[in-house]
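To start, the structure itself, in structure tokens.
The values are calculated or read from the model by the stated rules, or taken from the named source; none is laboratory data. Small disclaimer: the values here were computed from a predicted structure and weren't measured. Positions of Cβ are generated from backbone atoms using ideal geometry, with glycine treated the same way; all protein chains shown enter the neighbour counts.
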Amino acid sequence: MLTIAVDAMGGDHAPKSEVEGSIRAASNFDIKITLVGQEDLLRRELDQYDWRGLPIEIVHASERVTMNDSAARAVRTKRDSSLRVASRLVRDGYAQGIVSAGNTGAVMATAKMVLGLVPGVERPASVGVLPTVEGSPVLLVDVGANVDCSPRMLAQFAIMAEIYSRTVLRRFQPRVGILSIGEEEHKGNELTRAAWPLLQSLNINFIGNVEGGDIYSGNVDVIVCDGFTGNVALKVSEGIVEMVKHLLHESLEATITRKIGYVLSKAAFADFKKRLDYSEYGGAPLLGVRGVCIICHGRSNANAIKNAIRVAKEFSGAGINQHIEEQLRPIVREAGAGDHFKTAT
């Protein structure tokens, strides 16, 4: 049975969402949950549920990383934080993955320092999972882990996200593109133009540049970009989704009572909200670190935590890190010999 360590003190609603989400996960998946945090608070929260007999345990951590802590301070000074303790459980092999809805910068910095990087990876990359009109999700990478990127880093992001799409999302020959301002090869900035030949040389289904409008079209499976661009795209998308849901709800309430299809419209709206609900996707995998690290939104509810644990289980079971290391090994070897992968950057 796989074990997933949950940073139970990280999110905006901690430890309530983390505890309830863990109970749901332990009840529905063949998985063991280790809740990491202040033991008295966690036991008090657990005792509000009928959790006896479930594969859930508590590991005490005396400190917590807040949203106001800087990543550097959290890593340097809070050595007994729930985030740090949970990461050590993964590093030491007690758990196979960590789920945290805590301070994103601190999660990434702690994972990089405690877990280390997969050989061949320069920087870890966070992945956004977004819905499309075709029904299958698209991966946006990076969405904030690396504000400034080199062309070689984008090539590594492409390899890692392509493997994730293929092994976890079961996409056959995922279509990989670079986020740019035009489809033509010469469009874009210095970074995207330099990354193009690198991605083209990889053993992936590279389709070239894609534009912002392609994110939700279903015509691409993996979109590669630097973390600054990806984070802006992600946050704009979240804002638009909330606005559309709000406006649609208002319109339905204003007109629905005058129509026969009241029940059907309510059902359709519920289905619409579920398709756009971030909690259905769990969290953002941090690709490139040893072990498994899933970063959730700070306001994650119990459903998001449950699904993040599910994603962590699928990630671990698919052996993604081994695939990443194997696919990067020949590239690293060639780069060391001074071929185009290195000189192009």
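Just for region 44-62: of the residues that are charged (D, E, K, R) and under 18 Å from Ile305 (Cα atoms), which one is nearest to the chain's Cα centre (by Cα)?
Glu57
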Working only within region 69-104, note down all residues that are assigned to a loop (DSSP other than H, G, I, E, B), within 13 Å of Ile33 (Cα to Cα) and not polar (S, T, N, Q). Tyr94, Ala95
Across (1) modelled with pLDDT of 95 or more; (2) not in a loop (DSSP other than H, G, I, E, B), Val107 clears everything bar (1)
Cross-chain or 6+ apart pairs with Cβ under 6 Å, region 8-26 first and touching a residue at least 24 places away in the same chain (Cβ under 8 Å), then surrounded by fewer than 24 Cβ atoms within 10 Å (Cβ to Cβ) and among the aromatic types (Phe, Trp, Tyr): Ile23/Tyr49; Ile23/Trp51
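Would you confirm whether any residue within region 140-149 is part of a loop (DSSP other than H, G, I, E, B), assigned by TED's automatic domain parsing to the domain that holds Ala304 and either among the charged types (D, E, K, R) or at negative phi (or both)?
To start, the set of residues in region 140-149 that are part of a loop (DSSP other than H, G, I, E, B) comprises 142-149.
Then keep just the ones that are assigned by TED's automatic domain parsing to the domain that holds Ala304; that gives none.
Checking region 140-149: not a single residue is part of a loop (DSSP other than H, G, I, E, B), assigned by TED's automatic domain parsing to the domain that holds Ala304 and either among the charged types (D, E, K, R) or at negative phi (or both).
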Among what's in region 190-206 and is among the aliphatic types (A, V, I, L, M) and not in a helix (DSSP H, G or I), pick the residue that is modelled with the highest pLDDT. Ile204
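Got at least one residue in region 113-136 being assigned to a helix (DSSP H, G or I) and within 18 Å of the chain's Cα centre (by Cα)? Before the answer, list the steps.
Within region 113-136, the subset assigned to a helix (DSSP H, G or I) is 113-115.
In the following step, the residues that additionally are within 18 Å of the chain's Cα centre (by Cα) were identified as 115.
Looking through region 113-136, at least one residue is assigned to a helix (DSSP H, G or I) and within 18 Å of the chain's Cα centre (by Cα).
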Failed condition for Val65, given (1) under 22 Å from the mean Cα position of the chain (by Cα); (2) without any contact (Cβ under 8 Å) to a residue 60 or more places away in the chain; (3) not in a loop (DSSP other than H, G, I, E, B), with all others met? (3)
